[in-house]
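Enquirer: Here's a structure for you.
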Amino acid sequence: METTRKSIRKQSLEKLYNLLSASRKVYAPVIAPDKQVEYKYNPDFAEVTFEHIRSTLSVKNVVFPKVENLFFYSNAKTESTITDIDLNKIPEIVLWGTHPCDNAAFDILRSIFSWDINDEFFSKRFEKLVVIGLSCHLSDEYCFCTSVGLTPNSAKGSDILLSRLQNGDYQAEILTEKGNGIVTLSPELFEPISGEEVTVTEVKQKFNHEQVTVKLASAFENRFWIENSLRCIGCGACAYVCPTCACFDIQDETKGKNGKRYRSWDSCGFGLFTLHTSGHNPRQVQSQRWRQRIMHKFSYMPERNESLGCVGCGRCSSGCPVDMNIAEQLEALQNI
């Protein structure tokens with residue numbers, strides 16, 4: 001559909017939020033007691049922050065949960081009974097106040113979960129999701145969205161994108177039919193567009209992702225990977241905070257005759273991730289695992305999925321306990 005722009009006052013945003021949270025699960029950012037930004041379901045509007053740069057964890061769990069049951073089973077002497085998950089019971093969720101980097105990640109996840117076969121669990125959750133994004137008027141040294149083809153006010157992945165105006169109100173870009181459906185719930189809250197300027201932060205470009213992809217084609221055996229991974233302790237923090245990492249493990253959990261099969265987040269940075277039953281590990285040392293992470297996001301995915309595996313949110317760098325700054329490494333890689 002054609003994008004339309006409206007204005008919405010701050011007090012009208014509160015009315016819209018309360019209207020949505022009365023009938024749906026609204027996932028919104030709040031500042032926790034430890035000052036970290038986290039997303040909670042249906043917090044009071046007074047708790048919701050509009051001043052965050054990034055949440056500690058990404059919001060990918062709304063479509064790709066940390067732990068997700070795949071089916072339940074019951075074992076008898078001669079047969080087993082499998083009970084499938086009723087995907088129609090997945091609730092409608094409104095994602096509120098997520099920044100453009102996080103919203104752009106949903107298309108990347110979709111390229112992964114729909115690449116060779118359609119993942120019904122992901123697809124149903126994505127179908128039930130409405131994204132009300134928020135352009136960035138704040139940034140810090142970890143942000144690098146402009147290096148991966150995005151901007152602080154990119155509309156990609158949003159159904160409605162809010163951008164702060166200089167007078168404190170907001171511009172609302174209605175981008176999809178889902179977004180239009182939100183507007184029709186209470187159209188009087190959306191007013192004709194004003195002449196106020198949108199306030200958007202500046203994020204300087206640190207590297208050219210296309211040049212990085214070209215460089216990676218001949219860098220597999222380069223000593224760069226050893227020299228730049230010596231600090232890595234393989235903790236997996238970068239993968240767990242990343243909005244686009246989609247590695248998972250599948251386990252069975254049984255108690256007596258009953259059990260369940262579930263999948264949970266995993267990381268290619270773990271030594272066990274590629275360990276074969278034979279004891280052989282094709283990625284034996286951390287430099288090989290770090291190389292895999294970069295190659296996958298900036299070489300393999302552009303070739304296979306036609307999308308980058310990175311949105312420049314900076315979480316992996318800000319959350320790394322040993323200061324493995326991915327933007328700095330990609331800038332260095334571009335220049336080897």
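Laboratory data are not the source of any read-out in this text; all were calculated from the coordinates shown. Keep in mind the model is a prediction, meaning the values are calculated, not measured. Cβ placement follows ideal geometry from the backbone for every residue including glycine, while neighbour counts extend to all protein chains displayed.
Enquirer: Can you list the aspartates and glutamates whose alpha carbon is less than 12 Å from that of Lys260, not counting same-chain residues fewer than 8 positions off?
Expert: Reachable aspartates and glutamates: Glu68, Asp84, Asp252.
Enquirer: Hey, which of these cross-link pairs are over 31 Å Cα-Cα: Lys10/Lys178; Lys255/Lys297; Lys15/Lys124; Lys6/Lys66?
Expert: The answer is Lys255/Lys297; Lys6/Lys66.
Enquirer: Give the cross-link partners of Lys156 among the aspartates and glutamates, using a straight C-alpha distance below 20 Å as the criterion and excluding same-chain residues fewer than 8 apart.
Expert: In chain and number order, the partners are Glu2, Asp102, Asp107, Glu127, Glu173, Glu177, Glu202, Glu210, Glu306.
Enquirer: Right, another one. Once fully extended, how much extra length lies between Lys40 and Thr277, figured as 0.36 nm per residue of separation less the alpha-carbon to alpha-carbon distance?
Expert: Additional length available on full extension: 81.3 nm.
Enquirer: So what is the calculated 222 nm ellipticity per residue for the chain, using -39500 (n - 2.57) for each DSSP H run with n of 4 or more, over all residues, to the nearest 500 deg cm²/dmol?
Expert: -7000 deg cm²/dmol
Enquirer: Would you look at the GNM of the chain, springs on alpha carbons closer than 10 Å, and say which of Leu185, Leu95, Leu13 moves the most?
Expert: Taking springs between Cα atoms under 10 Å, the residue moving most is Leu185.
Enquirer: While we're looking at this one, here's another question. Sort the following peptides by mean Cβ neighbour count (other Cβ atoms within 10 Å, averaged over residues), highest first: 297-309, 24-36, 234-246.
Expert: Top to bottom by mean Cβ count within 10 Å: 234-246, 297-309, 24-36.
Enquirer: Quote to one decimal, in nm, the extra length available between Ser194 and Asn18 on full extension: 0.36 nm per residue of separation minus the C-alpha distance between them.
Expert: Working it through step by step, the gained length comes to 60.9 nm.
Enquirer: Ok, one more. I need the calculated FRET efficiency for the pair Leu138 and Ser80, taking r as the beta carbon distance and R₀ as 41 Å, to the nearest 0.05.
Expert: After rounding to 0.05, the efficiency reads 0.15.
Enquirer: Got a sec? How would Glu191, Glu2 order by Cβ neighbour count within 10 Å, fewest to most?
Expert: The order, fewest Cβ neighbours first, is Glu2, Glu191.
Enquirer: Roughly how big is the chain's charge dipole about its Cα centre, with Cβ charges of +1 (Lys, Arg) and -1 (Asp, Glu), in debye to the nearest 20?
Expert: With Lys and Arg at +1 and Asp and Glu at -1, about 820 debye.
Enquirer: Quick test of your reading: applying the under-4.7 Å Cβ rule, which cysteines of the chain are isolated?
Expert: Among the cysteines of the chain, those whose Cβ sits 4.7 Å or more from every other are Cys136, Cys143, Cys145, Cys232, Cys235, Cys247, Cys268, Cys310, Cys320.
Enquirer: Using a 10 Å cut-off on Cβ atoms, rank the peptides 248-254, 284-290 from the highest mean neighbour count down.
Expert: Per-residue Cβ counts within 10 Å, averaged per peptide and sorted highest first, yield 284-290, 248-254.
Enquirer: log₁₀ I(q)/I(0) of the chain at q = 0.09 Å⁻¹, via Debye over equal Cα point scatterers, no solvent, to two decimals?
Expert: For the chain at q = 0.09 Å⁻¹, log10 I(q)/I(0) is -0.54.
Enquirer: Only helices at least 15 Å long along their axis, Cα-based, and averaging -1.0 or more on Kyte-Doolittle count here, so list those DSSP H runs from the chain.
Expert: The answer, listed by residue number, is 10-21, 100-113.
Enquirer: Sort Trp96, Trp115 so the one with the fewest other Cβ atoms within 10 Å of its own Cβ comes first.
Expert: Trp115, Trp96
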